[in-house]
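*Asks:* Below you will find the structure I want to go over with you.
The values are calculated or read from the model by the stated rules, or taken from the named source; none is laboratory data. As the structure is a prediction and not an experimental result, all values here were calculated from the model. Cβ placement follows ideal geometry from the backbone for every residue including glycine, while neighbour counts extend to all protein chains displayed. With ligands, DNA and RNA removed, areas are computed over all heavy atoms of the protein, side chains included. Shrake-Rupley method; radii C 1.70, N 1.55, O 1.52, S 1.80 Å.
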Amino acid sequence: MSVEIPKTLEDFPNSSPRFVGRGVDRVEDPHLVTGRTEFIDNVVLPGMLHAAILRSPVAHARITGIDVSEAEKLPGVFAIVTGEDAKRWSFPPPTAPEEWGTHCMATDKVRYVGEPVAAVAAVDRYVAEDAIELIAVDYEPLEVVADPAKAMEPGSPLVIEEKGTNVMLQRVFNWGEVDEAFRDADRVFTEKFRWNRLGANPLETFGVIAQWDPVAGSLTLRASVQSATHFGLGRAAVFGLPSNKVRVIGHPHGGSFGGKGGTRGTDVTALLTRKAGGRPVKWIEDRAEYLTGGGSQSWDRHYEVSLAVKDDGRVTGLDVKLLDDMGATGECFGAINTVKPLAAFTGPYTIPVARYDLTIVATNKLPQSPYRGMGPPPHFCALEQMMDIAARDLEIDPAEMRRKNFIPKDAFPYTIASGNEYDSGDYEAVLDGALELSDYPELRERQARARAEGRCVGIGVVSAIEPGVFDWNAYAIVGVQGIGVPEGATVSIDILGKISIRVGFALEGQGQYTLATQLVADYFNVGFEDITVVPLDTFSAPPAFGPGGSRLGVALTGAVLGACEKLRAKLVRVAAGLFQMDPEQVDLVDGNLVAKGVPGVEMSMPQVVGTMLARSDLLPPDIDPRPEATYVWTAAGRTEADEEGRAKSYLTAAQAVHVVMVEVDPETGLVEILEYCVVDDCGTRLNPATVEGQTEGSIAQGIGAALLEEYVYDDQGQILTSSYMDYLLPTINEVPATKKGIVVTPSPFTPLGAKGCGEGAMHTTPAAILSAINDALVPLGARATEVPASPNRLWNLIRGAKERTAGE
């Protein structure tokens, strides 16, 4: 049947919606704040064992021997697995690019520090940890390659020898006549940028309980996963099992941000439960494991960017060359980080042509994983610095430089050079709002006064796009296939009129269960107390991807409202039969089934449902008596990628402008954020409080990226930032209070006009802070081109500039 999903609240069968579009108390919170939410480490199963993993201490070496005999003698040890077990019972995982993976445990050699070499299942974690210390591994050192440029050189050590190269992917994408644009430009600006490794750091690390059933030949996984369905499909591929023999039970988890892949740990734990005869085995990743061997690292990039510009400030061409250090394998789908920028390659600007020269290289480092933003934040950071460089040379105010190049509001839907279609926007209104909110003229006056006092104060004005509601076609160029990312929901009503919403993803913290409750409460005109959200396992749930890609708010809205619409149609048919009328004469209004134009002929929704479940003799003969409906939503209008990677991929394009004032201490390089103002447009705000939370959190992570966070490796592939003593995270002392404003241009493509907003300010904050820093450094003749702009980096940069000035 055709389902018309409401586009606005006015389309709801409710004359006075009370919840959607308003901040409400979250339904998830009572269990969270009282400690009653069952996280994976709270789960205890009968006969459960505990796992510990022995990891490689070197980045590249041949394994010449493993002796587990002493560990086997330790009382309480039940199973030990090594690479031989991995070869016997598993396959390398699916990867992007394809066939750039290895087994879950090192089989012939190790390829990065932290790679699993052996694992133990024992009566408790203490015994398991003691046992792995008794395992003796003989390593034959191999030459390490930790520099992506050197990894490309002929004769470089090969990370995966069978591939014959360290180059995972090398492609040049041309969108339009790029060479002609640069030839005809009045000015061409070129700069190199370095974005160092950083990544997700959720409060809770990854955890899993695996249980093998030797009779059924099946595997059950309880885990803190984002996307249970795809996680299960991946494990089925790894273990050569039918998909209906791998059951995944998603557990609530304390954050993710893309860093909860957990595939290696899960696969190792699955090997242990099989070797232990089917006893359940729990593995909880500790923080050191996460930082050195988990889903913790992303975005290791070397950029060279050129901008073609006319004298009046119009940008006519963009040329981006990226060398990306992916680490040892493509198993965590980190390559997606390099191709998502195609969804918003030219940012919010009308840049007509562009080129992307992309090289992905393997090195002896931890494989990259997804992280909030999934790749565009470094791209936007480089693009926005180039806009500033051009504006400064042309003596144009940076805010006006953006305005000159913004996509006009009457041009939407707008197709950018790299092929994606932006849905809606009023970028100038967002800019004007940010300039007004920050009192931009006054900021410039404050800056002038500070400079007169000899202080290094700078202002950044930047804009970026948040691509929302991803589709697989966005990643076709790294081998990911498919169009359509399904999200399903089942809405059912019991005999007393109480409603259940069943979904296929676990609680993650962003208020999705609250959103589902808001939608159903307003649709059927009931209270929150009448609704329960139930997460299901992969054997029971409707098709679902879950959180990720700034999509779930939009996708879940479509799924829930689609199910409500189908259920409404069923209720209308039942009521029409009882009223002895045609269904077209009956409607759902404010929670009642009413006969149109016949006052007093109506039944409450519980009465109709009660009839369906308790008086089926009164129903029309062709009616399914279940007061339940399932709907699976996918984004419409998506297209296959062409030979240049162009496609309608991400469904929505949220936009923001950030205005930031910073002060740089020239004696220490320390950066202090003095003012931070944000105005954004993410379409209809289904729950403003949730959007506020997402914005605050993403600003904090963006500040960490800009100023603090960096995974450092030496030339032997040893990680030097293996604890929070060295890997620095932002605290309340670094994250300022922010001023916020909103602009709303509803998306014409989505239910209720909402846009993806989960990644939020992460797309804009690093660029804004670096722009402000560079504005502060102008009087010193210095320019920061490396992220994070740490105190040491800035101090050296300032010292170098002063030495050059003194030498002149």
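*Asks:* Which condition does Thr690 not pass, out of (1) open to solvent by less than 40 Å² (accessible area, probe 1.4 Å); (2) modelled with pLDDT of 95 or more, if it passes all the others?
*Replies:* Evaluating Thr690 over (1) open to solvent by less than 40 Å² (accessible area, probe 1.4 Å); (2) modelled with pLDDT of 95 or more leaves (2) as the failure.
*Asks:* Farther than 23 Å from Thr684 by Cβ, in contact with a helix residue (DSSP H, G or I) (Cβ under 6 Å, 6 or more places away or on another chain), touching a residue at least 40 places away in the same chain (Cβ under 8 Å) and open to solvent by less than 40 Å² (accessible area, probe 1.4 Å): does that describe Thr765?
*Replies:* Criteria met by Thr765.
*Asks:* Return a yes/no flag: does segment 31-42 have any residue that is touching a Ser or Thr at 6+ places or on another chain (Cβ under 9 Å), without any contact (Cβ under 8 Å) to a residue 12 or more places away in the chain and exposed (fewer than 14 other Cβ atoms within 10 Å of the Cβ).
*Replies:* yes
*Asks:* Here's a follow-up. Is it the case, given these coordinates, that Asp423 is closer than 19 Å to His763 by Cβ and not hydroxyl-bearing (Ser, Thr, Tyr)?
*Replies:* yes
*Asks:* So, Ile465, is that one farther than 30 Å from Pro779 by Cα, touching a helix residue (DSSP H, G or I) at 6+ places or on another chain (Cβ under 8 Å), modelled with pLDDT of 95 or more and open to solvent by less than 10 Å² (accessible area, probe 1.4 Å) or not?
*Replies:* yes
*Asks:* Under 7 Å between Cβ atoms, which residue pairs at least 6 apart in sequence (or on different chains) link something in segment 466-486 that is part of a helix (DSSP H, G or I) with a partner that is open to solvent by less than 10 Å² (accessible area, probe 1.4 Å) and among the charged types (D, E, K, R)?
*Replies:* Final answer for the pair search is Ala474/Lys340.
*Asks:* Out of the residues in segment 311-341 that are open to solvent by 10 Å² or more (accessible area, probe 1.4 Å) and in contact with a Ser or Thr (Cβ under 6 Å, 6 or more places away or on another chain), which is farthest from Val110 (Cα to Cα)?
*Replies:* Asp319
*Asks:* Just checking, how many residues over segment 10-30 are among the basic types (Lys, Arg) and open to solvent by less than 100 Å² (accessible area, probe 1.4 Å)?
*Replies:* Of the residues in segment 10-30, 1 are among the basic types (Lys, Arg) and open to solvent by less than 100 Å² (accessible area, probe 1.4 Å).
*Asks:* Just give me the residues in segment 360-371 being open to solvent by less than 10 Å² (accessible area, probe 1.4 Å) and either more than 13 Å from Tyr713 (Cα to Cα) or touching a strand residue (DSSP E or B) at 6+ places or on another chain (Cβ under 7 Å) (or both), in sequence order.
*Replies:* Scanning segment 360-371 gives Ile360, Val361, Ala362, Thr363, Leu366, Pro367, Gln368, Ser369, Tyr371.
*Asks:* Could I ask something else about it? Look through Val44, Val3 and report the one residue that is at pLDDT below 95, β-branched (Val, Ile, Thr) and either in a loop (DSSP other than H, G, I, E, B) or touching a Lys or Arg at 6+ places or on another chain (Cβ under 7 Å) (or both).
*Replies:* Among Val44, Val3, only Val3 is at pLDDT below 95, β-branched (Val, Ile, Thr) and either in a loop (DSSP other than H, G, I, E, B) or touching a Lys or Arg at 6+ places or on another chain (Cβ under 7 Å) (or both).
*Asks:* Looking only at segment 206-251, filter to residues that are open to solvent by less than 10 Å² (accessible area, probe 1.4 Å) and β-branched (Val, Ile, Thr); which one of those is nearest to Thr695 (Cα to Cα)?
*Replies:* Val225
*Asks:* Within segment 669-679, can one find any residue that is assigned to a loop (DSSP other than H, G, I, E, B), in the same structural domain as Arg799 (by TED's automatic domain parsing), in contact with a Lys or Arg (Cβ under 9 Å, 6 or more places away or on another chain) and closer than 29 Å to Gly800 by Cα?
*Replies:* Yes; the residues of segment 669-679 include at least one that is assigned to a loop (DSSP other than H, G, I, E, B), in the same structural domain as Arg799 (by TED's automatic domain parsing), in contact with a Lys or Arg (Cβ under 9 Å, 6 or more places away or on another chain) and closer than 29 Å to Gly800 by Cα.
*Asks:* Outside the structural domain of Ala228 (by TED's automatic domain parsing) and over 30 Å from Thr359 (Cα atoms): which single residue out of Val44, Val27, Val120, Val77 fits that description?
*Replies:* Step by step, each of Val44, Val27, Val120, Val77 is checked, and only Val27 is outside the structural domain of Ala228 (by TED's automatic domain parsing) and over 30 Å from Thr359 (Cα atoms).
*Asks:* Taking the options Gly278, Gly295, Gly254, Gly258, name whichever one is part of a loop (DSSP other than H, G, I, E, B), open to solvent by less than 30 Å² (accessible area, probe 1.4 Å) and farther than 23 Å from Gly114 by Cβ.
*Replies:* Gly278
*Asks:* Hey, another quick one. Give segment 104-141 a look and list any residue that's among the acidic types (Asp, Glu) and crowded, with 24+ Cβ neighbours inside 10 Å, or say none.
*Replies:* Within segment 104-141, just Glu115 meets the criteria.
*Asks:* What is the one condition in (1) touching a residue at least 24 places away in the same chain (Cβ under 8 Å); (2) open to solvent by 20 Å² or more (accessible area, probe 1.4 Å) that Glu162 does not satisfy?
*Replies:* (1)
*Asks:* It is to be established whether one or more residues within segment 633-640 are of a type in the set (Val, Ile, Thr) and in a strand (DSSP E or B).
*Replies:* No, every residue in segment 633-640 fails to be of a type in the set (Val, Ile, Thr) and in a strand (DSSP E or B).
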